[in-house]
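Here is the structure we will look at, set down as structure tokens.
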Amino acid sequence: MVNWRSRRWWLASLLGLLAVAALTMRVAYLIHQPTQPTLIAPLSVVGEPGSTNLTVVFPWLQQGFCVGQFSVAVHESATTVAVSDVVDHGPGPVCGGIGTEGGVASVDVTLSTPLGKRHVVRATDGSVLHVASPPAG
């Protein structure tokens, strides 16, 4: 003889378990859903001819930003350094925040060879970017 109560209990338990699993997977997806990074055109750079360090300056009207929030790529040739758009990855899970001043922020990049007399250009449109000397420290 078939015990229908026992089968209903198992069926209800299985459906409840599947519902909880589906809900858990949906919540995990929403939490870890990749976001589209924001691209920001660089305004200028700061560097010295004899240095491989270059600071890319870009517009940033928000109050602050997080360490590691931005990245930039460079393509070097004998005559130019092409700077990509700055990628804003968004604030990380833990962020103390760095203040901004003058409506700009910056990200550092290391060149493979010193800047020298090469022109720095924006990779997206070839516009020459102003190269400022670092402030005297």
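The values are calculated or read from the model by the stated rules, or taken from the named source; none is laboratory data. Because the structure is a prediction, the values reported are computed rather than measured. Note that each Cβ is placed from the backbone with ideal geometry, even for glycine, and that neighbours are counted across all protein chains shown.
The set of residues in region 105-137 being out of contact with any Pro (no Cβ under 7 Å at 6 or more places or on another chain), closer than 16 Å to ALA78 by Cβ and of a type outside the set (Ser, Thr, Tyr) consists of LEU111, ARG118, HIS119, VAL120, VAL121.
Just one residue in the set VAL72, VAL94 is at pLDDT below 95 and aliphatic (A, V, I, L, M); that residue is VAL94. Screening region 43-84 for residues that are part of a strand (DSSP E or B) and in contact with a Pro (Cβ under 6 Å, 6 or more places away or on another chain) and picking the one that is surrounded by the fewest Cβ atoms within 10 Å (Cβ to Cβ) gives VAL46. Of all residues in region 44-96, those satisfying the criterion of being hydroxyl-bearing (Ser, Thr, Tyr) and more than 11 Å from the chain's Cα centre (by Cα) are SER44, SER51, THR52, THR55, SER77, THR79, THR80, SER84. Filtering region 85-129 to residues that are assigned to a loop (DSSP other than H, G, I, E, B) and closer than 13 Å to LEU54 by Cα leaves LEU111, SER112, THR113, PRO114, LEU115, GLY116, ARG118, LEU129.
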